[in-house]
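Written out below as structure tokens is the structure these notes cover.
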Amino acid sequence: MSPDGRRDPAPGSRSRRKGAPEEPFPAAGLAELGLREGSRVRFRRREGERWKEGTVVRRESDGSLGVRDGKGALRALGLDLVEVRDTGPRGGVVWEPLAERAARSEQMKLL
């Protein structure tokens, strides 16, 4: 028995617990788009709909973007439906379409 009172598994037997599933698109997948976890974005499903704000959580297995909305729900959104919050040349808030940001090559931050 182990010190915490649980039985030790028999030698050679396999543990029934599986490790955490691998992320199909790790954080490097977000970096390819010019994003990182926690980036502020806005999205809308249809053209006439109002914009909803959210934060980037992950890259989904189908290549879409996982965004947590204001209600706490996780949404999988196509890249063409998302705009990224940025700071403009005079310090104001600017929203840039994610497709344009992903197409642009940019120097990565060192720290």
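Go over the candidates P11, P24 one by one and state the one that is exposed (fewer than 10 other Cβ atoms within 10 Å of the Cβ) and either at pLDDT below 65 or part of a loop (DSSP other than H, G, I, E, B) (or both).
On the way: P24 fails: exposed (fewer than 10 other Cβ atoms within 10 Å of the Cβ).
Residue meeting the stated conditions: P11.
Residues in segment 47-59 that are farther than 17 Å from E96 by Cβ and either touching a Leu at 6+ places or on another chain (Cβ under 8 Å) or surrounded by 16 or more Cβ atoms within 10 Å (Cβ to Cβ) (or both): V57, R58, R59.
Out of the strands (runs of 3 or more DSSP E) lying entirely within segment 28-75, which hold 2 or more residues that are in contact (Cβ under 8 Å) with a residue 40 or more places away in the chain and either more than 22 Å from R104 (Cβ to Cβ) or touching a strand residue (DSSP E or B) at 6+ places or on another chain (Cβ under 6 Å) (or both)? Give the derivation first.
Numbers: elements: 40-43, 52-59, 65-69.
The qualifying strands (runs of 3 or more DSSP E) are 40-43.
M108 falls short on exactly one of the conditions (1) within 18 Å of the chain's Cα centre (by Cα); (2) assigned to a loop (DSSP other than H, G, I, E, B); (3) at pLDDT 90 or above, and that condition is (3).
The values are calculated or read from the model by the stated rules, or taken from the named source; none is laboratory data. Keep in mind the model is a prediction, meaning the values are calculated, not measured. Methodologically, a virtual Cβ is constructed for each residue, glycine included, from the backbone with ideal geometry; neighbour enumeration extends over all protein chains shown.
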